[in-house]
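Data first, discussion second: the structure below is written as structure tokens.
Since every read-out is calculated from the coordinates, none of them should be taken as a lab result. What you see is a predicted model; the values in this text were computed from it and never measured. Cβ placement follows ideal geometry from the backbone for every residue including glycine, while neighbour counts extend to all protein chains displayed.
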Amino acid sequence: MSERTPLYDLHRELGARFVDFGGYEMPLHYGSQIEEHHEVRRAAGLFDVAHMGILDLEGPGTAAFLRRLLANDVARIERDGRALYSCLLAEDGGVLDDLIAYRRGEDRYRLVVNAATKSKDEAWIRAHAPASVRITRRDDLGLLALQGPASPTLLRRALPGPWDGLRPFAFAEERDLFVARTGYTGEDGFEIAVEASALEGLARRLLAAGARPTGLGARDTLRLEAGLNLSGQDMDPGVSPLESNLGWTVSFDDPERDFIGRTALAEEKRAGLCRRLVGVLLGRRAVLRHDQEVLDERGRPAGRLTSGGYGPSLDRGLGFARLDEPLRGPYHVLLHGRAEPLELVRLPFVRRGQPAYRPL
């Protein structure tokens, strides 16, 4: 049976259509996924992300441990109140998950991980952590995401506090509230952690301030347009971050930092990539699907779609494809038995609501 977040009853009250995601019964939409998508692009939407996992790490050697654990280097976070995006890798360089690390103090960090992998992530982290590092799974907290260009105004209206004026990938804490200027839509916005018992009250305040309830359907089209990977589809233990358009999240700067997976990634860089993740666009309004095969000009398999869908901001079908290197177009995909040409582009498709893609 699927689990439920503390906002389940509120979702029902608001007329949500539910779907199973990551083992949770989550709102897909509240009537119109397309309208919710556009509302986030032009104003603000409120997402329930309480299914995600929060781990607090503290104690002597925590920063040193995270420098070993993560592909990105937490030493880049030069002061408290800042955050860093990174992948969690296996020894062979495969992506176990992606996460955000928040520096809360000297040897005090918070990790926010994905719902479907949070138990595996926790087990992996505990298996590698030294005894001096205390790890606490914060099931007592819930998480909301307020996303869209109107988010700063609505947050100021509903929840005044020290987070007013936060820079991207910065956060502030006050009493039981943790507010970060982060998100998964490509728009400005915030992710807010609070005691689970207070989550519904906070959600109602943000909705009353003008945010629109928004489900997972719009969250997926928004992140697709923004060129943001989905863990378990665009990256998984069978691929490296270098094959997942995430080379920028891997820090090789410090030659002495022997992070998990470094040896495998260094060898992959030396040998050259065999596969590459790119953006693909259809020339018309249609829907691409995860795991569709991409064919070359002779109709031979050349790769697969890792994610696909319809981009409401562009009114075109779009997705990500992992293709064999070197890239040798033209490429196409079969839709209803018909070969449809694909345009290969650099991500993102959309930035701040405007087309941003460039041809490869």
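The length gained on full extension between Lys120 and Arg156, counted as 0.36 nm times the residue separation minus their Cα-Cα distance, comes to 9.3 nm. Projected label points at Ala127 and Gln233, each 7 Å from Cα along the beta carbon direction, are separated by 2.7 nanometres. Of the GluC sites (Glu not before Pro) found in region 58-124, the ones in coil according to DSSP and having at most 15 other Cβ atoms within 10 Å of their Cβ are Glu78, Glu91, Glu106. Taking 0.36 nm per residue of separation and subtracting the current Cα-Cα distance, fully stretching the chain between Leu327 and Arg108 would add 74.5 nm.
Straightening the chain between His336 and Ala198 buys 44.9 nm, computed as 0.36 nm per residue apart minus the Cα-Cα spacing.
Across the chain, the relative contact order, built from alpha-carbon pairs under 8 Å that are at least six residues apart, equals 18 percent. If R0 is 22 Å, the Cβ-Cβ spacing of Asp164 and Asp80 corresponds to a FRET efficiency of close to 0.75.
With the Cα gyration tensor of region 211-324 giving a ≥ b ≥ c as the square roots of its eigenvalues, does the rule (a/c under 1.5 for rounded; else a/b larger than b/c for prolate; else oblate) give rounded, prolate or oblate? Please list the in-between numbers first.
Details: a/c = 2.85, a/b = 1.45, b/c = 1.97.
Judged from the Cα gyration tensor, region 211-324 comes out oblate (a/c at least 1.5, b/c at or above a/b).
Viscosity 0.692 mPa s, temperature 37 °C: what is the translational diffusion coefficient of region 7-50 from Stokes-Einstein with a Kirkwood Rh over Cα pairs, rounded to a whole number of µm²/s? Mind dumping the intermediate values first?
Values: Rh = 11.1 Å.
D = 297 µm²/s.
I need the shape label for region 274-359. Rule: rounded when a/c is under 1.5, else prolate if a/b > b/c, else oblate, with a, b, c from the alpha carbon gyration tensor.
Numbers: a/c = 1.95, a/b = 1.34, b/c = 1.45.
It comes out oblate by the Cα gyration axes.
Arranged from fewest to most other beta-carbon atoms within 10 Å of their beta carbon, Cys274, Cys87 become Cys274, Cys87.
Sort Met26, Met52 by Cβ crowding within 10 Å, fewest neighbours at the top. Could the numbers behind the result be given before it?
Values: Met26 27, Met52 22.
In increasing order of surrounding Cβ atoms, one gets Met52, Met26.
With each run of n ≥ 4 DSSP H residues scored as -39500 (n - 2.57), what mean residue ellipticity at 222 nm is computed for the chain after dividing by its residue count and rounding to the nearest 500 deg cm²/dmol? Don't jump to the answer; show the numbers that get you there.
On the way: 8 runs with 73 residues, N = 360.
The helix-only estimate for the chain comes to -6000 deg cm²/dmol at 222 nm.
For each of Asp236, Asp176, count neighbouring Cβ atoms within 10 Å of the residue's Cβ, then give the residues from fewest to most.
Starting with the residue having the fewest Cβ neighbours, the order is Asp176, Asp236.
Take every pair of alpha-carbon atoms less than 8 Å apart whose residues are at least six positions apart; their mean separation over the length of region 274-359 yields a relative contact order of 33 percent. With a Förster radius of 51 Å applied to the C-beta separation of Leu273 and Asp9, the computed FRET efficiency comes to 0.60. For region 274-359, the dipole from Cβ point charges (+1 on Lys and Arg, -1 on Asp and Glu) about the Cα centre works out to 240 debye, to the nearest 20. Simple rule: put +1 on each Lys or Arg Cβ and -1 on each Asp or Glu Cβ in the chain, find the dipole, and look at Leu314, His29, Gly227; the Cα lying farthest toward the positive end is Leu314.
I'd like the GluC sites (Glu not before Pro) in region 236-272 restricted to DSSP loop residues with at most 14 other Cβ atoms within 10 Å, sorted by number.
Glu256
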